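Let me begin by presenting the structure, written as structure tokens, before commenting on it.
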Amino acid sequence: ARVAASPSFKQMTELVQSLRKRKDETVVSLKLSNYRAQQQILKAESDKYEAIQKTATPLVIKALAADTKPLAGDSTKINRSMRFTRGLNKDITLGEAVNVLKDQL
């Protein structure tokens with residue numbers, strides 16, 4: 001019920017379905033005008049996805065102290081850990097999972 005009521009999650013589900021449908025399409029028009037029209041449609045879908053991500057409530061995600069303690073001297077591993085967590089803070093699916101867990105508590 002919670003996931004069905006979330007507009008951003010609903011849009012994300014629609015996007016995933018369109019991507020699955022697009023994956024199965026293997027025929028591409030060789031006519032330039034048709035090809036460009038199709039590319040504009042795909043660009044609009046991509047822009048829609050970016051808009052969904054921008055409206056998502058950012059999560060505060062950071063590595064556990066137990067995980068960062070062994071990395072204290074290695075800047076490369078610290079940067080890798082930061083890059084990993086940076087991408088997760090606007091993940092809509094992860095946000096909904098966190099909300100479901102909060103509801104269970």
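Consider residue 44 against the criteria (1) farther than 15 Å from residue 8 by Cα; (2) outside the structural domain of residue 19 (by TED's automatic domain parsing): it satisfies all of them except one. Which criterion is unmet?
(2)
Only one of (1) at pLDDT below 80; (2) closer than 20 Å to residue 92 by Cβ is not met by residue 44, so which one is it?
Evaluating residue 44 over (1) at pLDDT below 80; (2) closer than 20 Å to residue 92 by Cβ leaves (1) as the failure.
Can you list the helices (runs of 4 or more DSSP H) found entirely within segment 8-105 that contain at least 2 residues being under 12 Å from the mean Cα position of the chain (by Cα)?
Of the helices (runs of 4 or more DSSP H) lying wholly inside segment 8-105, those with at least 2 residues that are under 12 Å from the mean Cα position of the chain (by Cα) span 32-55, 92-104.
Could you tell me how many of the residues in segment 10-35 are of a type in the set (Lys, Arg) and either surrounded by 11 or more Cβ atoms within 10 Å (Cβ to Cβ) or assigned by TED's automatic domain parsing to the domain that holds residue 90 (or both)?
In the first step, residues of segment 10-35 are kept if they are of a type in the set (Lys, Arg); the result is 10, 20-23, 31.
Remaining after also requiring either surrounded by 11 or more Cβ atoms within 10 Å (Cβ to Cβ) or assigned by TED's automatic domain parsing to the domain that holds residue 90 (or both): 10, 22.
Summing the residues that are of a type in the set (Lys, Arg) and either surrounded by 11 or more Cβ atoms within 10 Å (Cβ to Cβ) or assigned by TED's automatic domain parsing to the domain that holds residue 90 (or both) in segment 10-35 gives 2.
The values are calculated or read from the model by the stated rules, or taken from the named source; none is laboratory data. Just so it is clear, the model here is predicted, and its values are computed rather than measured. All Cβ positions, even for glycine, are placed from backbone atoms using ideal geometry, and neighbour counts span all protein chains on display.
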